[in-house]
Amino acid sequence: MGSSEIRSEVIRSEALEGNALGDPVERRVVVYLPPGYSPSSERYPVVFLLAGFAGSGASFLNYDPWDDDIQQRMDRLIAAGSARPMILILPDAVTRYGGSQYINSTATGRYQDYLIELVDWADHSFRTIPRREARAIAGKSSGGFGALRMAMDHPEVFGLVGDHSGDKYFEYCYLPGLPRLHRALQGVTDLEALLREPRRAEPHDQAFRDVMELAAMSSCYSPNPSEPRGFDFPVHLETGALRDEIWQRWLSHDPLLRLDDSVDALRSLRLLYLDWGRADEFYLNVGGRLFHRRLEARGIPHVLEEHAGGHFRLNARLDHSLAAISRAID
C-alpha cells in the first residue's frame, strides 16, 4: 500500500492581495496524502483542517512526545479501519495579530475567500473527489469557529463539518476577558507600535497575549476602515468601560445568534459534528450546550460528544471527528 506523504506547497493567494495588515500573500499549505496515493489513480475525499488561534496548518505536525502528529494520527486511523484514506489540507491563516477567525474582514483580509480559493487549488492539484458531499472542514477552537462559520456561509462548498470547542456564546467566552485588555494596556507605552511590530515586543507574557488576542478578535469582529488602526476595540481604552455598540457588532458573529439565518445551510450538511470539554477554561461547554439545544429545536441533525477535558490539547479529539467524517462522507 505504500506510505503516506506530507507535502508542503507555497500558494500565492489572490484573496489576500492588498490585505490591510500587509501580511504575506504567499502562504505555506501542508497536505497529507494517504498511503497508496502516489501509485494509484484513485480519487479521495478531502478534509480541510483549521488550527486554533495563532496556529497554522503546519502546527499539526509539531513534535509531541505524548501524542501523535497529524500524519501519525491519520496513518493509525486508516490502518485500524477507523477512517478511510483521505487527503488533508492544512492552511495557514495567521495574521500579524495572531489569527483571522477564518472570516473576511477589512481589517485583516479575506480569509474565508482564501479557504474557498484553496478548495479550487486542491481540486486541481490533487486527486480529490470534487464534490461537497466528499469535502469536509474541521477545526479546533478558533478553527472550529471558522469551520462552522464556513458551513453557515457557504454550504455549497463543504458538506461535512467538525467543530471542536469552537467559539460560541460570546458573553461567556469573550466578555470576561475584556477587563484583562484594559489591565494589560496599563503597561503598554505605545499601543500602535506594539500592534505594528508585535514580534519586537518583550516580554511575550500573558499581558502581551491579552492585548494581541483582543486586537485579533476586534480586527475580525469590529473592523472600521475609518479608524487609523482599522478596527474598534469593544472597550474604552482609557476607562475600560464596555462600548455597547461595538460589542453588539461582535455578537452579530456569534454562531448562537447567526443560527436562525443558517438553518437551511446547516440542515443540508451530511454531518455536523460538535464536541467540547466539560472543564473548558473559556466556558465553551456552555455555548456548546446552548447551540445543541437550538439545533434540536430547529430539527437540525448533528452529532455531539462532551468529554471530560478542557480547552487545550484537543488534537486527540480529531480521532473522533475524522472517524465520524469518514463514516458520513459520500
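Summary of computed values
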{"read-out": "Residue that is nearest to the chain's Cα centre (by Cα) [pool: residues in segment 24-42 that are buried (at least 18 other Cβ atoms within 10 Å of the Cβ) and in a loop (DSSP other than H, G, I, E, B)]", "value": "34"}
{"read-out": "Qualifying strands (runs of 3 or more DSSP E) (wholly inside segment 43-156; at least 3 residues being under 11 Å from the mean Cα position of the chain (by Cα))", "value": "46-50, 135-140"}
{"read-out": "Matching residues, segment 186-219, being farther than 13 Å from residue 237 by Cβ, surrounded by 16 or more Cβ atoms within 10 Å (Cβ to Cβ) and either free of Cβ contacts under 8 Å to residues at least 12 places away in the same chain or hydrophobic (A, V, I, L, M, F, W, C) (or both)", "value": "201, 207, 208, 212, 216, 217"}
{"read-out": "Test: residue in segment 217-228 that is assigned by TED's automatic domain parsing to the domain that holds residue 148, within 18 Å of the chain's Cα centre (by Cα), within 30 Å of residue 134 (Cβ to Cβ) and not aliphatic (A, V, I, L, M)", "value": "no"}
{"read-out": "Spans of helices (runs of 4 or more DSSP H) in segment 211-330 with at least 3 residues closer than 30 Å to residue 69 by Cβ and of a type outside the set (Val, Ile, Thr)", "value": "284-297, 318-328"}
{"read-out": "Breaking point among (1) at pLDDT below 95; (2) of a type in the set (A, V, I, L, M, F, W, C); (3) crowded, with 22+ Cβ neighbours inside 10 Å, for residue 74", "value": "(1)"}
{"read-out": "Residues within segment 223-244 that are touching a residue at least 24 places away in the same chain (Cβ under 8 Å) and touching a Ser or Thr at 6+ places or on another chain (Cβ under 9 Å), tallied", "value": "8"}
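Okay, residues lined up against (1) surrounded by 23 or more Cβ atoms within 10 Å (Cβ to Cβ); (2) closer than 26 Å to residue 196 by Cβ; (3) at pLDDT 95 or above; (4) out of contact with any Phe, Trp or Tyr (no Cβ under 9 Å at 6 or more places or on another chain):
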position	(1), (2), (3), (4)
93	yes, yes, yes, no
101	yes, yes, yes, no
106	no, yes, yes, no
111	yes, yes, yes, no
114	yes, yes, yes, no
121	no, no, yes, yes
127	no, no, yes, no
130	no, no, yes, yes
137	yes, no, yes, no
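The values are calculated or read from the model by the stated rules, or taken from the named source; none is laboratory data. Keep in mind the model is a prediction, meaning the values are calculated, not measured. Cβ sites come from the backbone with ideal geometry, for glycine too, and all protein chains shown count toward neighbours.
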